[in-house]
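I have placed the structure first, in the form of structure tokens, so that the comments after it can refer back to it.
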Amino acid sequence: MRTLRNVFLALLTATFLYACSSSSSDDSPSGVTDAFDRGALLENLADNIIIPAFQDLNTKLKTLKTDKDHFIATPDQTNLEALRGSWLTAYKAWQSVEMYNIGKAEALLYGFQMNVYPTSVQEVEDNIANGSYNLSHPENNDAVGFPAVDYLLYGVAADDATIVSKYTDAKYQAYLSEVIDQMQALTETVLNDWTSSYRDTFVSETGNTATSALNKMTNDYVFYFEKGLRANKIGIPAGNFSSTPLPDTVEGLYSKIYSQDLALEALSASFDMFNGKAYATSTTGESFKTYLEYLDRNDLVSKITTQFSDAETQLSGLNANFYEQVNTDNTKMTQAYDALQLLVVSFKVDMLQAFDISVDYVDADGD
């Protein structure tokens, strides 16, 4: 995700950040213009939000693996339903970690291997037929992860009985198994990095430079909200970036009834992140919200809070199946996009300016 962003970061760094600095440290506080405790914010993010979210996702992916093993051992309707249930539970948990494209997740291109949609049916079926593939190769990013499992559990045949019969075939068994195993292994790798070393690195980078932790994390948050949530979940299917709507690009295409659930989970996770709310409890700590309050920007806090509420209202009014929503009343999709776009402006312009943080990615949408 940050290939183009790294080029932009380098230019920003060379041009603006170090021109007047004699320090060689990326995390020197040359850009800090206030005394807000950035370290406390980073600690709250790491200890109460990010790490617990990855721990929960990893636990739920282990359950998915177990249910997958049961289904492969005994392919029947009961085990298929159990497997579908654990897939959905894990997919909802994923919505709380997708925005954290930093550290090991960035290095592994974790997000690309977990949630590129729509999945490529052609690539999935070719891989299964060939029986030889490298799931970690970038060419397979759209043949793995949650969207691939969505297809494998709901889309490989027209009805459940035929889907179950597919998994008497060893090649289908092997592919389903390896995709799910990879998802859990990648997640555990990212989690272990956080808990073994990266957490301390993350919370120590308190400076205000392009490569310090809070600046990167804030940019990742805004980038995710703009691209991962607003564009991918709503704007692309609704046709905001094309001449016609693209209903086949919705998240949860094959399961059909979970697009809205996943979008609402993502919006809720984004709001909790903004407020510094702990992942597993109602406790709150230092956050983007408290930073803005420290800067006497209660007006912006109120504005963003209202915009989140309005966006939730718009998303809640959509069909559970976004494919159907686009095809039957796409105006509601574009209205939801517009509500999310107001938040993008508040984050990308108002909040980043208040924090004195520069945008570190190239915007190709023209918005």
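Determine which member of the set Asn44, Asn48, Asn79 is more than 24 Å from the chain's Cα centre (by Cα), over 18 Å from Gly145 (Cβ atoms) and surrounded by fewer than 22 Cβ atoms within 10 Å (Cβ to Cβ). Full working, then the answer.
Values: Asn44 fails: more than 24 Å from the chain's Cα centre (by Cα); Asn48 fails: more than 24 Å from the chain's Cα centre (by Cα).
On inspection, the qualifying residue turns out to be Asn79.
Being in a loop (DSSP other than H, G, I, E, B) and free of Cβ contacts under 8 Å to residues at least 60 places away in the same chain is the filter here, so list the residues in the range 282-296 that pass it.
Just the residues of the range 282-296 that are in a loop (DSSP other than H, G, I, E, B), to begin with: 282-283, 285-287, 295-296.
Within the range 282-296, Ser282, Asp296 qualify.
For the subset of the range 347-358 comprising residues that are surrounded by 20 or more Cβ atoms within 10 Å (Cβ to Cβ) and not β-branched (Val, Ile, Thr), which member is nearest to the chain's Cα centre (by Cα)? Before the answer, list the steps.
Keep residues of the range 347-358 that are surrounded by 20 or more Cβ atoms within 10 Å (Cβ to Cβ), which gives 347, 351, 355, 357.
Keeping just the survivors that are not β-branched (Val, Ile, Thr) gives 347, 351, 355.
Values: Phe347: 17, Met351: 20, Phe355: 23 Å.
Result: Phe347.
Restricting the search to the range 170-220, which residues are of a type in the set (S, T, N, Q), in a helix (DSSP H, G or I) and surrounded by 20 or more Cβ atoms within 10 Å (Cβ to Cβ)? Spell out the reasoning first.
So the first thing to find is which residues in the range 170-220 are of a type in the set (S, T, N, Q), and the list is 173, 177, 182, 184, 187, 189, 192, 195-197, 201, 204, 206, 208-209, 211-212, 215, 218-219.
So of that shortlist, the ones also in a helix (DSSP H, G or I) come out as 173, 177, 182, 184, 187, 189, 192, 195-197, 201, 204, 215, 218-219.
Scanning the range 170-220 gives Gln184, Thr187, Asn215, Thr218, Asn219.
Which of the numbered conditions does Leu262 fail, given that it passes all the others? Conditions: (1) touching a residue at least 60 places away in the same chain (Cβ under 8 Å); (2) surrounded by fewer than 18 Cβ atoms within 10 Å (Cβ to Cβ).
Just one mismatch for Leu262, condition (2).
Could you run through the range 125-155 and say how many residues are among the hydrophobic types (A, V, I, L, M, F, W, C), touching a helix residue (DSSP H, G or I) at 6+ places or on another chain (Cβ under 6 Å) and over 16 Å from Gly111 (Cβ atoms)?
At the first step, the residues of the range 125-155 found to be among the hydrophobic types (A, V, I, L, M, F, W, C) are 128-129, 135, 143-144, 146, 148-149, 152-153.
With touching a helix residue (DSSP H, G or I) at 6+ places or on another chain (Cβ under 6 Å) added as a condition, the list becomes 128, 135, 143-144, 146, 148-149, 152-153.
Now restrict to residues that are over 16 Å from Gly111 (Cβ atoms): 128, 152-153.
Result for the range 125-155: 3.
Might you let me know whether the range 309-316 holds any residue that is surrounded by fewer than 16 Cβ atoms within 10 Å (Cβ to Cβ) and modelled with pLDDT under 95?
no
Which of (1) under 22 Å from the mean Cα position of the chain (by Cα); (2) within 22 Å of Gly239 (Cα to Cα); (3) of a type in the set (Gly, Ala, Ser) is the odd one out, the single condition Gly317 does not satisfy?
That leaves (1) as the condition not met.
Does any residue in the range 155-168 that is touching a residue at least 60 places away in the same chain (Cβ under 8 Å) and of a type in the set (Phe, Trp, Tyr) come within less than 6 Å, Cβ to Cβ, of a residue that is surrounded by 17 or more Cβ atoms within 10 Å (Cβ to Cβ) and in a helix (DSSP H, G or I) six or more places away or on a different chain, and which pairs are these?
As it stands, the answer is Tyr167/Gln173, since those pairs meet every condition given.
Taking into account only those residues within the range 297-308 that are charged (D, E, K, R) and in contact (Cβ under 8 Å) with a residue 40 or more places away in the chain, which is surrounded by the fewest Cβ atoms within 10 Å (Cβ to Cβ)? Walk me through it before giving the result.
Initial filter on the range 297-308 (charged (D, E, K, R)): 297, 299, 303.
Restricting the remaining residues to those that are in contact (Cβ under 8 Å) with a residue 40 or more places away in the chain gives 297, 303.
Details: Arg297: 19, Lys303: 15.
It comes out as Lys303.
The values are calculated or read from the model by the stated rules, or taken from the named source; none is laboratory data. All figures in this text were calculated on a predicted structure; none of them were measured in a lab. Cβ sites come from the backbone with ideal geometry, for glycine too, and all protein chains shown count toward neighbours.
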